[in-house]
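The values are calculated or read from the model by the stated rules, or taken from the named source; none is laboratory data. In this text the structure is predicted, and so the values were computed from the model without any measurement. Cβ coordinates were reconstructed from backbone atoms using ideal geometry, including for glycine residues, and neighbour counts include every protein chain displayed.
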Amino acid sequence: MIELHQVSKWYGKTQVLDACSTRIAKGEVVVVCGPSGSGKSTLIKTINALEPFQQGEIFVDGIPVHAQGTDLPKLRSRVGMVFQHFELFPHLSVTENLTIAQIKVLGRSADEAKTRGLKMLNRVGLMAHKNKFPGQLSGGQQQRVAIARALSMDPIVMLFDEPTSALDPEMVGEVLEVMIALAAEGMTMVCVTHEMGFARKVGDRVIFMDVGGRILEDCSRDEFFGNPGARSARCRDFLDKILQH
Ligand SMILES: Nc1ncnc2c1ncn2[C@@H]1O[C@H](COP(=O)(O)OP(=O)(O)OP(=O)(O)O)[C@@H](O)[C@H]1O
Ligand SMILES: [Mg+2]
C-alpha cells in the first residue's frame, strides 16, 4: 500500500530524513517512535505530500507521490491524517466539520456527506454531540471527531501524528480505543506514538527513528519488544526511558 525508497529531505543544509525506506502492506499497523526531532512527523507527512522531499520515491497505492503531475489533492483526499492538535474548524459545528471536505473535495451531496459523517460520528461514540461546536467538547472528544472526519473521506490509509500526546491522561484511553477498533477492522495505519501499550496490542511493526532522520529499526512488534538484545543501543536507551513511565 505504501512504499518509501531512499527518501531524503533537507531543510537548508540540515538533513531531516536520511535515505528512509520501508514498505507497508494493506491492513498493516505500523508504529513510528523515536526521540524528538528525529523526523517522525516529517516522515509521515511525506506520505501524503504535505512535506516535499528532495530525493527518493514514495508510492501510495501505486500513485507516485514524488512524480510531477501527480494529482496531490486527490491523493490527500484518500489519505486520512490526524494530528496532535485536532485542527477542527472552530466556527463550524461537529456535523459541518464532518461534511465540508466530503462536499468540497469529493463532490458529495450535502445529504450523502451528512449520512456518511454521522455514521462515522456514531462509530466514535459521539452522535449526541453532532450539533455542538468544537470548543464545547473535551480534547478527547475533539480528537475522536477529527478521526471521524478523516474516516468520512473513505481513506485507504490513516496517518496519525501523536494523536494522544496533547490530551489529559484520562482521555487518552478513549482515543486509543477508537484506534484499536480501526486496526482490528483492517485499516492500514501509520501511527507516530509513544503509547507502547497500543504498539504492543495492535502494532504489526515498529519503526524507530533517530536524530538525523534515519530509520534505525524496522521490525515486527514481537521482534521489537521481545528481543531487546537485538535492538541498537540507541533504541534500547530510548525504550528504557519511555517504558519507565
Ligand atoms: N519548517 C522547518 N524548517 C527547518 N527545520 C525544520 C522545520 N520543520 C522541522 N524541522 C526540523 O526537522 C527535524 C525533524 O522534525 P520533526 O518535526 O519531523 O521531528 P519529530 O520526530 O516529529 O519530533 P517531535 O517528537 O518533537 O514531534 C527537526 O530537527 C526539526 O527541527
Ligand atoms: Mg513530531
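What to note about this one:
- Checking residue 166 against (1) farther than 27 Å from residue 26 by Cα; (2) in contact with a strand residue (DSSP E or B) (Cβ under 8 Å, 6 or more places away or on another chain); (3) of a type in the set (Gly, Ala, Ser), the condition it does not meet: (2)
- Scanning segment 87-122 for residues that are farther than 23 Å from residue 179 by Cβ and in contact with a Leu (Cβ under 7 Å, 6 or more places away or on another chain) gives a single hit, 100.
- Condition check for residue 162: farther than 21 Å from residue 79 by Cα and of a type in the set (D, E, K, R): no
- Among the residues making up segment 54-109, those that are among the charged types (D, E, K, R) and exposed (fewer than 14 other Cβ atoms within 10 Å of the Cβ) are 71, 74, 104.
Results for (1) within 29 Å of residue 236 (Cα to Cα); (2) touching a His at 6+ places or on another chain (Cβ under 7 Å); (3) within 16 Å of ligand 2 (Cβ to nearest atom); (4) of a type outside the set (Ser, Thr, Tyr), shown as yes or no for each residue.
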{"site": "1", "(1), (2), (3), (4)": "no, no, no, yes"}
{"site": "7", "(1), (2), (3), (4)": "yes, no, no, yes"}
{"site": "23", "(1), (2), (3), (4)": "yes, no, no, yes"}
{"site": "37", "(1), (2), (3), (4)": "yes, no, yes, yes"}
{"site": "42", "(1), (2), (3), (4)": "yes, no, yes, no"}
{"site": "63", "(1), (2), (3), (4)": "no, no, no, yes"}
{"site": "72", "(1), (2), (3), (4)": "no, no, no, yes"}
{"site": "82", "(1), (2), (3), (4)": "yes, no, yes, yes"}
{"site": "91", "(1), (2), (3), (4)": "no, no, no, yes"}
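- Helices (runs of 4 or more DSSP H) within segment 16-107 that include 1 or more residues among the polar types (S, T, N, Q) and within 16 Å of ligand 1 (Cβ to nearest atom): 40-47
- Listed conditions (1) modelled with pLDDT of 95 or more; (2) under 19 Å from residue 193 (Cα atoms); (3) buried (at least 17 other Cβ atoms within 10 Å of the Cβ) are all met by residue 48, apart from (1).
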